[in-house]
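The values are calculated or read from the model by the stated rules, or taken from the named source; none is laboratory data. Being a predicted model, the structure only gives us computed values, none of them experimental. Note: ideal-geometry Cβ built from the backbone for every residue, glycine included; neighbour counts use all protein chains shown.
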Amino acid sequence: MEPHLALLVKGIALGLPAGLLPGPLLTLVVSEAVRHGRRAGMRVAVAPLFSDAPIVAVTVLVLAQLAAFHGVLGAISLTGSLFLCYLAYRSFSVEIPADDEPPRSLLKGIAANVLNPNPYLFWFSVGAPLLVDAWRSDAGTAVVFLIAFYGSLIGAKLAVAVLASRSRRLLDGHGYRLVARLLAVLLLVMAGWLAVDGIRLLGIV
């Protein structure tokens, strides 16, 4: 598979589940859309575009200095695999987000994302290693990964905002849970890929 295409697939495979995984930000998306309409939910949905830049920059800079140490990168990859397994568990045992949060603005959405540990864990253990490797081989592939990841993540949250604004019932029932569990399987596949990569870097096989 071509490097650009591989990073595109990985970006989508990671971004789509992240966009639909229940958490503080998705709860805000739903509550804003249900209470205040589609545009309010969409404003919260785009919060990661504003809050994630410093997180990505710091993790990439740190890992760029560690890139020569395969043991460290292998341990990080294995940590990322465990983290994705945790996210898969969360997604598989999904409950529909509650709508009891107070009204939020874009700034509140940014604050919720910054104070959520998941973006930090994801970028340090999963996203940044991929980005560093891509950048060292071809800067274009790194850009493709970022576009694919954030396009999928934001797109998924925007879709939830639109659905929630039309009817709260659209997010009830088996449909949402089925999608979440299918995405959990996708996360487990990505976790397996990271585990294999981590074992290779550690020189175990």
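Given the structure, is PRO48 within 14 Å of the chain's Cα centre (by Cα), in a helix (DSSP H, G or I) and modelled with pLDDT of 90 or more? Yes, satisfied. Taking region 47-62 as the range and being of a type in the set (A, V, I, L, M) and over 16 Å from PHE149 (Cβ atoms) as the test, the residues that pass are VAL58, LEU61, VAL62. The set of residues in region 92-116 that are modelled with pLDDT under 70 and either surrounded by fewer than 20 Cβ atoms within 10 Å (Cβ to Cβ) or polar (S, T, N, Q) (or both) comprises VAL94, GLU95, ILE96, ALA98, ASP99, ASP100, GLU101, PRO102, PRO103, SER105. Sub-7 Å Cβ pairs linking a first residue in region 27-48 that is on the phi > 0 side of the Ramachandran plot to a second residue that is basic (Lys, Arg), at least 6 apart or interchain, number zero. Given the structure, is ILE147 more than 12 Å from SER77 (Cβ to Cβ), at pLDDT 80 or above and of a type in the set (A, V, I, L, M, F, W, C)? Answer is yes for this residue. Scanning for something at pLDDT 75 or above and within 22 Å of THR59 (Cβ to Cβ), does region 157-167 turn up at least one residue? Scanning region 157-167, I find at least one residue that is at pLDDT 75 or above and within 22 Å of THR59 (Cβ to Cβ), so the answer is yes. Might you let me know whether region 55-76 holds any residue that is touching a helix residue (DSSP H, G or I) at 6+ places or on another chain (Cβ under 6 Å), farther than 19 Å from TYR120 by Cα and not small (Gly, Ala, Ser)? Yes; the residues of region 55-76 include at least one that is touching a helix residue (DSSP H, G or I) at 6+ places or on another chain (Cβ under 6 Å), farther than 19 Å from TYR120 by Cα and not small (Gly, Ala, Ser). Only one of the numbered conditions (1) at pLDDT 80 or above; (2) over 14 Å from ILE154 (Cβ atoms) is not met by VAL34, and that is (1).
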